[in-house]
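Data block below; observations after.
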Amino acid sequence: MKFPARGLYAITQTDGKSPATVIAEVEAAIRGGAVVVQYRDKHPHDALTLARELVKVCRRHQVPLLVNDSIELALEAGADGVHLGKDDGHIREARERLGIDAIIGVSCYNSLERALEAQAHGTTYAAFGRFFPSGTKPLASPAHPDTLRQARQALSIPIVAIGGILPENGAALLAAGADLLAVIGGVFDREPELSARAYQYLFDR
């Protein structure tokens, strides 16, 4: 499945939620306009079962499902790809194991140099952030909109912005050069379908 060129990138919120709730919320976010979903779960009970169910939901809606951190889980679940942080393995390994058509994303934090290196190694997209205070990663180092502007000029792959993004502040990141906005709490803290629509408005206008 192709990685979308633009839109809302929804990342699951799993803490304190049952698998059934996570699945229902993801489906609601897709109805609201999410164009890609990442399964992120820092305290999994049965990650493989939930990942496989999310793959089914996303396939029904023709939305790619990526797995955070784990090439192995992405492979076992039949996901469309993986998102890699700096300690989660190399793009080359992910490509070899998941195949030529797999979506591979890389966290680039505030580093254009890291993004250029990832692009040279065949990443599908580069993710920058965090741009605003984030409840999910409160200690994450800040990124700056100027990095998005530089990335817009230097990269030929899609650019994802992440970190504390709300409908009220997302437009500035799109204007700076982001193609997709990656969101956890802004979608899943509230009613996911309505929340997703609020982000979708930023791309439609």
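Under the condition of being surrounded by fewer than 20 Cβ atoms within 10 Å (Cβ to Cβ) and not in a helix (DSSP H, G or I), the residues counted in the range 72-91 number 7.
Counting the residues of the range 180-205 that are farther than 20 Å from SER107 by Cα, crowded, with 17+ Cβ neighbours inside 10 Å and out of contact with any Pro (no Cβ under 7 Å at 6 or more places or on another chain) gives 9. Scanning the range 157-177 for residues that are farther than 11 Å from TYR125 by Cα and small (Gly, Ala, Ser) returns GLY163, GLY164, GLY170, ALA171, ALA172, ALA175, ALA176, GLY177. Within the range 49-66, if we keep just the residues that are closer than 18 Å to THR21 by Cα and crowded, with 20+ Cβ neighbours inside 10 Å, the residue that is nearest to the chain's Cα centre (by Cα) turns out to be LEU65. Touching a helix residue (DSSP H, G or I) at 6+ places or on another chain (Cβ under 8 Å), within 27 Å of THR147 (Cβ to Cβ) and of a type in the set (S, T, N, Q), is that true of THR123? Judged against the criteria, THR123 is a match.
Would you confirm, using the coordinates I've provided, whether ALA175 is among the aliphatic types (A, V, I, L, M) and open to solvent by 10 Å² or more (accessible area, probe 1.4 Å)? So ALA175 fits the description; yes. Entry remark, the range 49-71: residues being among the charged types (D, E, K, R) and in a loop (DSSP other than H, G, I, E, B) number 1 in total. Among the residues examined, ALA94 does not qualify as out of contact with any helix residue (DSSP H, G or I) (no Cβ under 8 Å at 6 or more places or on another chain), crowded, with 17+ Cβ neighbours inside 10 Å, at negative phi and modelled with pLDDT of 95 or more. Scan the range 17-48 for residues that are farther than 16 Å from GLY186 by Cα, within 17 Å of the chain's Cα centre (by Cα) and assigned to a loop (DSSP other than H, G, I, E, B) and the total you get is 2. Restricting the range 104-119 to residues that are open to solvent by 60 Å² or more (accessible area, probe 1.4 Å) and in a helix (DSSP H, G or I) leaves a set whose member that is farthest from MET1 (Cα to Cα) is GLU113. Note on the range 1-22: among residues that are touching a residue at least 40 places away in the same chain (Cβ under 8 Å) and of a type in the set (D, E, K, R), the one that is most open to solvent (accessible area, probe 1.4 Å) is LYS2.
Test LEU166 against the criterion of being farther than 19 Å from ALA5 by Cβ, in contact with a strand residue (DSSP E or B) (Cβ under 9 Å, 6 or more places away or on another chain) and either open to solvent by 20 Å² or more (accessible area, probe 1.4 Å) or at pLDDT below 95 (or both), and give yes or no.
So LEU166 passes the test.
Remark: ALA10 matches the filter, which requires a residue to be part of a strand (DSSP E or B) and either modelled with pLDDT of 95 or more or within 24 Å of GLY170 (Cβ to Cβ) (or both). Tallying residues that are among the polar types (S, T, N, Q), open to solvent by less than 50 Å² (accessible area, probe 1.4 Å) and either within 20 Å of LYS2 (Cα to Cα) or in a strand (DSSP E or B) (or both) within the range 120-163 yields 2. Per this entry, ALA196 is counted among residues that are touching a residue at least 60 places away in the same chain (Cβ under 8 Å), closer than 22 Å to VAL67 by Cα and outside any loop (DSSP other than H, G, I, E, B).
The values are calculated or read from the model by the stated rules, or taken from the named source; none is laboratory data. Here the structure is a predicted model, which is why all the values come from computation and not from measurement. A quick note on method: Cβ atoms are made from the backbone with ideal geometry, for glycine too, and the neighbour counts reach across all protein chains shown. These accessible areas exclude ligands, DNA and RNA; they are computed on the full protein's heavy atoms, side chains included. Shrake-Rupley method; radii C 1.70, N 1.55, O 1.52, S 1.80 Å.
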